[in-house]
Each structure stands twice: as C-alpha cells, then as structure tokens.
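The values are calculated or read from the model by the stated rules, or taken from the named source; none is laboratory data. Predicted model only: the values in this text are computed from it and were never measured. Here Cβ is always computed from backbone atoms with ideal geometry, including for glycine, and neighbour counts include all displayed protein chains.
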Amino acid sequence: MVHYFLKCKSNQLPLFGLLPIDCMLTNQKDKINLMKLYDTKQAPNPRRVRIFLAEKAIEVESIQMDLQAGDNLSKDYLSKNPFSKVPILELDDGTIISETVAICRYFEELQPQPALMGSDPLQKAHIEMWQRRAEFHFMFPVGMGFQHTSGFFKDRMTPRVDFGEDCIKSAYHFLKLAETHLASSAYLASDSFSIADITFFCALEFGKVINIRLSEKHPNIERWYQQMKQRPSSQA
C-alpha cells in the first residue's frame, strides 16, 4: 500500500473502531515528525540513510554527532547503541533502530513508493545481492582503508597500515568488476535506481578521502557516477 501523507479531513466517527484512512495517514506523518536520526555529515553510512530518505521525500530530525570528539562514546549514546556506531533512528516511542540497511528497510516498509529495495521477489533478491556486494566488497574495504591509513581514530584503535593498504587494493578490485557489470546495466542492480546504487555512490565519494578515484579505466562507472550526481538526493 502506498502511504500518502494527507491531512485528516474526515469529520465522521470511526466505523467499527477503525479510523478514517486520512486520519491514519496523518498519524503516520506525526510519528515520522517525532523521529530522530543520529547523524554525522562526514560519514558514508548516515549519508546512505539521508539519500534514501530524500528519494522518498521523507524529512526526519537530524541530531549531529561529532565522532572525533567522541559523541558516540558518551554514556547516553551507548545506552541507545552499545556498538557506538552511526546512524541510529530513534522512533517516537523511544525504540532504537541501528544499522543503515535496517533503518532503510523500516522506511521502505513504512512508505513503499518509490521502491528502492525492489517490488517483486526477483527484483528484491537482485537488489539485495548487489547491495551486499557493494557493501562487503567495496564500502567495507574503503572504510577499513580509511581507519587504518588516515590515523583519524588513532586515539581509540591501533591502525594497521599494511591491512589498510590491502583493503584499498580490494576496493580497486571491486571497481574492476563493477566496471564490467555497468557496461550492460544502467544501474548497479537493475534498470532502475536502488539502495545498491546509494551504497556504491556513498562509498565511492568517501573513498576520495584516501585517494580512491576513478580513472580512464572506468568509463562505465564514470557514466553511472555522473548520472547519480544529477539526482537531487545526491546533495543529502
């Protein structure tokens, strides 16, 4: 069912204990208005959620976290997410949802259109396949490359530069595979934009911090990348 956020115009009493549909949709919007997204502008995972929400034209209050200052290590934040990562989504009743894809899944179920995680069994499976490939084989090594070669978190971890450099090599290997795939596909997972593209795009943009960049070897990714940048949500 498509959820449209409409104002309740019905003056009728509930029929058989059910609220008129326009009242229920207004209540849903009220719940979203009370949600809080614990966010960090510079980090790729929170950006994935912001782009996902922008594509669905959903606005959620953003609570900015300063990771370098250790906001995510505070007692209050750890009580919300003991894994100390961002983003997390706090619902109107205080329920916490952590992990980027879990948050996106929640909003996909809440507002299915536009469908960013697939609309039929095969499409859902195909998008999930490429989403996981982009996440595990590109976003993860990019993240590890950053953590272990930049020194950004050296006050709370022991960087292993050789490991970080190996991760950067792994990220470039994924680019080689993605280049071949995108030669015959408009988007990463299908002929339509999906969460898989969001993951790949955010990781590719973040990779610039550790000098992971496209070259003349990646014309198909470059075409896809420029297409992504033209979407208004890319500014989220």
Number of the condition not met by Lys208 [criteria: (1) assigned to a loop (DSSP other than H, G, I, E, B); (2) within 29 Å of Ala57 (Cα to Cα); (3) among the basic types (Lys, Arg)] = (1)
Answer from Lys229, Lys217, Lys208, Lys169 - the residue that is under 16 Å from the mean Cα position of the chain (by Cα) and either surrounded by fewer than 20 Cβ atoms within 10 Å (Cβ to Cβ) or in the same structural domain as Ala102 (by TED's automatic domain parsing) (or both) | Lys229
Starting from region 153-167, take each residue that is farther than 17 Å from Val142 by Cβ and list its partners that are at pLDDT below 90, counting only C-beta distances under 9 angstrom and pairs at least six apart or across chains.
-> Asp155/Gln68
Which condition number in (1) in a loop (DSSP other than H, G, I, E, B); (2) in the same structural domain as Asp166 (by TED's automatic domain parsing); (3) of a type outside the set (Gly, Ala, Ser) is the one that Trp130 fails?
-> (1)
Might you let me know whether region 189-205 holds any residue that is surrounded by fewer than 16 Cβ atoms within 10 Å (Cβ to Cβ) and farther than 27 Å from Glu108 by Cβ?
-> no
Criterion violated by Ala186 - all others in (1) surrounded by 15 or more Cβ atoms within 10 Å (Cβ to Cβ); (2) more than 28 Å from Leu37 (Cβ to Cβ) satisfied = (1)
Before we move on, is Met117 touching a residue at least 40 places away in the same chain (Cβ under 8 Å) and assigned to a loop (DSSP other than H, G, I, E, B)?
-> yes
Got a number for residues in region 27-81 being farther than 26 Å from Met144 by Cα, within 17 Å of the chain's Cα centre (by Cα) and assigned to a loop (DSSP other than H, G, I, E, B)?
-> 6
Go through region 82-110 and count every residue that is part of a loop (DSSP other than H, G, I, E, B) and either free of Cβ contacts under 8 Å to residues at least 24 places away in the same chain or not assigned by TED's automatic domain parsing to the domain that holds Arg50 (or both).
-> 7
